[in-house]
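These notes are about the structure you will find just below.
The values are calculated or read from the model by the stated rules, or taken from the named source; none is laboratory data. These numbers were taken from a predicted model, which means no experiment stands behind them. So basically every Cβ, Gly included, is an ideal-geometry build from the backbone, and we count neighbours across all protein chains shown. Accessible surface areas use protein heavy atoms only, side chains included; no ligands, DNA or RNA. Shrake-Rupley method; radii C 1.70, N 1.55, O 1.52, S 1.80 Å.
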Amino acid sequence: MATLLRSKLSNVATSVSNKSQAKMSGMFARMGFQAATDEEAVGFAHCDDLDMEHRQGLQMDILKSDGGEEGAEPPLEGDIHYQRDGTGPLPPSASKEGGLCSELSGQGKPKITAWEAGWNVTNAIQGMFVLGLPYAILHGGYLGLFLIIFAAVVCCYTGKILIACLYEENEDGEIVRVRDSYVDIANACCAPRFPTLGGRIVNVAQIIELVMTCILYVVVSGNLMYNSFPNLPVSQKSWSIIATAVLLPCAFLKNLKAVSKFSLLCTLAHFVINILVIAYCLSRARDWAWDKVKFYIDVKKFPISIGIIVFSYTSQIFLPSLEGNMQNPKEFHCMMNWTHIAACILKGLFALVAYLTWADETKEVITDNLPSTIRAVVNIFLVAKALLSYPLPFFAAVEVLERSLFQDGNRAFFPNCYGGDGRLKSWGLTLRCALVVFTLLMAIYVPHFALLMGLTGSLTGAGLCFLLPSLFHLKLLWRKLLWHHVFFDVAIFVIGGICSVSGFIHSLEGLIEAFRTNAED
């Protein structure tokens, strides 16, 4: 009897605690404390895992206590996706190929407003990597400014046509949503002969972009610390090693709930830093070098600038799940318009005033041009933001790798890296640590922020933002497209392909040269 009474009291206490956590999670999610506020788009992988954290937080706010065994409490869905301790069952509708996205887009689920969706997109395209845009103006001049505008227009358009690929007309002539993610669209385009080929291509592109984003965080952390304290006997490589040592616990991550709480604070801090940089540039407006802004381009280095600009606009990966979770999906087009217009204006102004201030002395990371009196403070804040942002793309990359290589049922290439109790096996943890170390090695041997950013933008950014959306749109909806839509899709595919190949070749040449230089040193 005493044992039963203690069990009841324990269940009641757990219920109260769980409901309190659910209410707080829902409240924080509405306020914007969500994993999807990482800006890089960082390519939010596998049914947009990072954006899903926000939506699952909203689901926790409407948990019901009925059903199940007496005294038992239903599992908290906000923990289900990232849970690895074996205590939470997967949702019944969660499948290998995007079932979670399907579940979250179902009827009766809490939705986000157009403003909340716009906040997610804004954070994806208005992030830390805008610090490299003045360097793009250095090699592109007015054409670089035009490209910032052009990339905004094209990415806005391809985001819309990507969402159009989610819908088809049913037998009654109604437009209905039949797909849930970028992977679903890719698989539909390759069906029936290669039903999973498209999804695998998209997943590979996501992994490359996510891992390269992690490498960029390590590079920028080492670069900022080295330039903040140049008098210390510590090299940039040593600072990168120190940063990686701080990041090594990411290999033990089971979920992103703790990390996601810092995302809004980091983003707001970054906006403040951008304002400080612009304010300093405006204070030197009398010395602006308008004559340095060229109408010609550096043929060798401008293709790298193309990749930098494209990379700063990548958000297409998580748009399908974001649109499916909006209260009124009809507002998606309007939301895309104002977010990309705002991004275009802010990026253009930031890049232009920063370049006018330092002209030919503009560095790869613009904060390195600031006076030493304020550079250290600004850079330390940026390093903190980079280190706090690193777990998001890292965990998403780990999720995609584990699902595709270790947990894909009979199609898995390797044995499951999780034991029967849901705990990560020792060799699985070793692989995670190896991924962290790999990002360090790349950052040490290629410590060039602009080159890596340009390579990533040219390879995966252009593919996911320009090439694939236009190709999928033509493949799935070509019978219903108007002639000008066909023209735009073909033009974007051709121009995007040329820019992608050119930027990739020049960035790769720069990386090879950097490897040789480091090898000689």
Residue among T439, T362, T460 that alone is open to solvent by less than 50 Å² (accessible area, probe 1.4 Å), at pLDDT 85 or above and in contact with a Pro (Cβ under 6 Å, 6 or more places away or on another chain): T362
Which condition number does I208 fail, the rest of (1) under 17 Å from G454 (Cβ atoms); (2) outside any helix (DSSP H, G or I); (3) of a type outside the set (K, R) being met? (2)
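Per-residue answers, yes or no, for (1) surrounded by fewer than 21 Cβ atoms within 10 Å (Cβ to Cβ); (2) out of contact with any helix residue (DSSP H, G or I) (no Cβ under 6 Å at 6 or more places or on another chain):
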{"position": "S321", "(1), (2)": "no, no"}
{"position": "N325", "(1), (2)": "no, no"}
{"position": "E331", "(1), (2)": "yes, no"}
{"position": "T373", "(1), (2)": "yes, yes"}
{"position": "V378", "(1), (2)": "yes, no"}
{"position": "L382", "(1), (2)": "no, no"}
{"position": "K385", "(1), (2)": "no, no"}
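Let me confirm something: among V299, V293, V277, which residue is buried (at least 19 other Cβ atoms within 10 Å of the Cβ) and farther than 30 Å from C165 by Cα?
So the residue among V299, V293, V277 that is buried (at least 19 other Cβ atoms within 10 Å of the Cβ) and farther than 30 Å from C165 by Cα is V277.
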Return only the number of the condition from (1) touching a helix residue (DSSP H, G or I) at 6+ places or on another chain (Cβ under 7 Å); (2) open to solvent by less than 40 Å² (accessible area, probe 1.4 Å) that H506 does not satisfy. (2)
List every residue pair whose Cβ atoms lie under 7 Å apart, where the two residues are 6 or more positions apart in sequence or sit on different chains, the first residue falls within segment 462-487 and is in contact (Cβ under 8 Å) with a residue 12 or more places away in the chain and farther than 24 Å from V121 by Cα, and the second residue, located anywhere, is basic (K, R) and surrounded by fewer than 18 Cβ atoms within 10 Å (Cβ to Cβ). none
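Go through segment 160-210 and report how many residues are touching a strand residue (DSSP E or B) at 6+ places or on another chain (Cβ under 9 Å) and of a type in the set (K, R).
So the answer is 2.
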Answer yes or no as to whether L440 is part of a helix (DSSP H, G or I), touching a helix residue (DSSP H, G or I) at 6+ places or on another chain (Cβ under 6 Å) and more than 30 Å from A164 (Cα to Cα). yes
Would you check which residues across segment 126-175 are at positive phi and either among the β-branched types (V, I, T) or open to solvent by 10 Å² or more (accessible area, probe 1.4 Å) (or both) and list them? G173
Are any residues in segment 202-229 in contact (Cβ under 8 Å) with a residue 40 or more places away in the chain and open to solvent by 40 Å² or more (accessible area, probe 1.4 Å), and if so, which ones? I208, F229
Those residues that are open to solvent by 50 Å² or more (accessible area, probe 1.4 Å) and closer than 22 Å to E209 by Cα, I need them from segment 465-493; list them, please. L471, F493
